[in-house]
Structures are given as C-alpha cells and as structure tokens.
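What follows is one structure encoded as structure tokens, with my remarks underneath.
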Amino acid sequence: MQVKLKVFRFNPQTNKQPHYEYFTVEAKPTERVLDCLNKIRWEQDGSLAYRMSCGHGICGSDGMTINNVSALACQKLVQNYEASKEIVVEPLSVFPIVKDLVVDLEPFFEREKSVHPSAGIVLTEAEGYGENLQTPDQRAQFDDDIKCIMCACCVSACPISQKEDPAYVGPAAIVRAHRYIFDSRIKNELERLAIMDKPHGARTCKGYFKCTQVCPKGIQITKHIFEVKRRILDELHPKQ
Ligand code: SF4
Ligand code: SF4
Ligand code: FES
C-alpha cells in the first residue's frame with residue numbers, strides 16, 4: 001500500500017518558521033510509522049532528523065506526535081491509520097525543537113533528577129542475614145513504575161505541562177518519585193514527599209488522564225500520581 005505522510009520540518013539554524021513536507025512511501029499494512037520515516041530518510045530525503053534506536057518499544061527514543069497523539073513511532077502500525085489520509089508526524093510538544101522531529105529532552109531529564117532528595121536513597125537497616133528483604137506484595141507496590149522507558153510521551157500529552165503550568169514537574173517525574181516513595185526498603189520517603197508537595201509538584205495534577213492514555217508501557221500514571229497525592233496528605237498534612 002501507499003502511505004502518505006505529512007512531516008513537520010524545522011531547522012532552527014536555517015529556517016525562520018517550521019513547515020510541513022509531504023512524502024509517499026510503499027509499505028505493508030503491518031509496517032510501523034518508524035519504518036515509513038526510515039524509508040523517507042534512506043530513499044528520499046537523508047536530511048530528515050528523528051531519533052530511533054531499538055525499533056521495538058524498549059529504548060524510548062522515538063517519541064513523537066502522530067496524528068495529534070504522543071506515541072512511539074515504532075509501536076504504531078500504518079494499518080491503524082486511515083489509508084486515504086496523510087499520517088501527520090510532528091515532534092513531541094512541550095520541548096524545544098532541535099531539528100525536525102528531534103526535541104531537546106534535557107528539561108525532561110532535569111525534572112526527573114529533581115525528585116531525589118539531597119541525601120539520595122537512604123535504606124532501612126537490613127535484618128538477619130544482611131539482605132534487605134521485601135515481600136512480593138511490597139515489591140508489587142512499585143512494579144508498574146519501573147516499566148518506564150523515559151520516552152516523555154506522557155509529559156508531551158499532559159495539558160498542564162503543555163499550557164497551564166509549564167513548570168509542572170510532570171507525570172514521568174512523579175512516576176519516578178512513586179517508585180521510591182512506595183519502596184518499603186527506603187526510609188527517607190518523607191523527604192521525597194516534601195519535594196512532591198512543593199509548588200508545581202504532584203498536587204498540580206488535575207487528573208486529565210492524558211498521560212495514562214498515551215503511555216506506551218501501559219503504566220497507570222494517573223493512579224500513581226493520586227497515590228502520591230494521598231500519601232502527601234496523610235503524611236505531611238494529616239487532619240487534626
Ligand atoms: S493525569 Fe495529571 S499528569 Fe496526567 S495528563 Fe492529567 S494532569 Fe497531566
Ligand atoms: S511514564 Fe510512560 S509515557 Fe511517561 S516517560 Fe515513562 S514510559 Fe514514557
Ligand atoms: S525506537 Fe526504541 S522505543 Fe521506539
């Protein structure tokens with residue numbers, strides 16, 4: 001089948017304004033949007049910039065906006081889009097554009113680092129044979145969080161990060177904080193909760209669920225954000 005793509009192009013060093021370019025590639029219905037971009041770059045326009053590495057939803061590097069939805073290009077099959085219409089491919093929103101579909105993720109990584117207290121991870125004392133043991137139920141508390149591949153799709157999709165509060169720490173950073181707050185082996189969770197309680201922290205989330213809808217790893221992001229918010233109230237602002 002022939003797949004038509006409308007692709008965002010912008011080189012801040014040479015272009016005053018972004019523009020769109022149109023490409024048509026031959027692809028099987030089960031090929032991915034990433035395969036189409038590769039065909040464009042390899043066969044039609046070697047200057048098209050985008051990130052990719054694993055091609056299998058593991059590395060998190062090819063997050064982009066496809067038909068207005070944040071997604072990994074390696075996880076979206078062309079057969080899932082209307083054949084008669086162009087597939088519109090744009091960079092992730094929220095982040096500065098480096099070139100075409102490549103965005104600067106440094107602000108994303110900075111937010112992720114900001115959830116850690118200065119003391120880092122302080123472990124509870126191990127008992128018995130020196131191993132810091134955990135029951136399966138305790139381990140399950142943060143199983144979902146560790147699926148995160150840092151693709152930034154959730155932040156790009158969040159209306160608060162997009163418009164309402166650009167300083168919002170964002171869903172991925174709260175998932176990271178949740179991972180440590182709910183780990184029974186870590187004892188300085190109050191410090192991490194205090195960081196999450198700051199302005200632009202977890203309590204900024206209004207529960208739009210957009211992050212959860214787009215997460216390519218199926219992480220229950222909004223649920224975990226609400227668990228952090230609940231824990232902030234219980235631990236830092238208990239009712240008298
Ligand atoms: S649930 Fe919270 S973090 Fe997720 S998109 Fe909505 S406002 Fe943003
Ligand atoms: S929580 Fe999901 S969408 Fe957000 S960065 Fe992690 S894997 Fe990507
Ligand atoms: S290329 Fe690695 S997640 Fe898509």
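Quick look at the values:
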{"read-out": "Selection status of Cys151, at negative phi and in the same structural domain as Pro171 (by TED's automatic domain parsing)", "value": "yes"}
{"read-out": "Some residue of region 224-232 being more than 16 Å from ligand 3 (Cβ to nearest atom), surrounded by fewer than 13 Cβ atoms within 10 Å (Cβ to Cβ), free of Cβ contacts under 8 Å to residues at least 24 places away in the same chain and assigned to a helix (DSSP H, G or I)", "value": "yes"}
{"read-out": "Which listed residue, of Tyr50, Tyr22, is loosely packed, with under 13 Cβ neighbours inside 10 Å and in contact with a Leu (Cβ under 9 Å, 6 or more places away or on another chain)", "value": "Tyr22"}
{"read-out": "Listing of helices (runs of 4 or more DSSP H) fully contained in region 108-191 that carry 3 or more residues being farther than 15 Å from Val214 by Cβ", "value": "136-140, 171-181"}
{"read-out": "Search result, residues across region 76-92 that are buried (at least 18 other Cβ atoms within 10 Å of the Cβ) and not charged (D, E, K, R)", "value": "Val78, Tyr81, Ile87, Val89, Pro91, Leu92"}
{"read-out": "Ser93 being part of a loop (DSSP other than H, G, I, E, B), touching a residue at least 40 places away in the same chain (Cβ under 8 Å) and not hydrophobic (A, V, I, L, M, F, W, C)", "value": "yes"}
{"read-out": "Residue count for region 138-185, restricted to those that are among the hydroxyl-bearing types (Ser, Thr, Tyr), over 29 Å from Ile66 (Cα atoms) and buried (at least 19 other Cβ atoms within 10 Å of the Cβ)", "value": "1"}
{"read-out": "Pairs, first of a type in the set (S, T, N, Q) in region 16-36, second loosely packed, with under 11 Cβ neighbours inside 10 Å, C-beta under 7 Å, six or more apart", "value": "Thr24/Gln2"}
{"read-out": "Condition met for Thr24 (polar (S, T, N, Q) and touching an Asp or Glu at 6+ places or on another chain (Cβ under 7 Å))", "value": "no"}
{"read-out": "Candidates Arg9, Arg51, Arg41, Arg32 - the one that is closer than 27 Å to Ile149 by Cα and within 16 Å of ligand 2 (Cβ to nearest atom)", "value": "Arg51"}
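Let's see how each residue does on (1) among the polar types (S, T, N, Q); (2) farther than 17 Å from Val103 by Cβ:
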residue: Leu5; (1), (2): no, yes
residue: Thr24; (1), (2): yes, yes
residue: Ala27; (1), (2): no, yes
residue: Asn38; (1), (2): yes, yes
residue: Gln44; (1), (2): yes, yes
residue: Gly60; (1), (2): no, no
residue: Gly63; (1), (2): no, no
residue: Leu77; (1), (2): no, yes
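The values are calculated or read from the model by the stated rules, or taken from the named source; none is laboratory data. Just so we're clear, the structure is a prediction, and the values are computed from it rather than from any experiment. Heads up, the Cβs are rebuilt from the backbone with ideal geometry, glycines too, and the neighbour counts pull from every protein chain shown.
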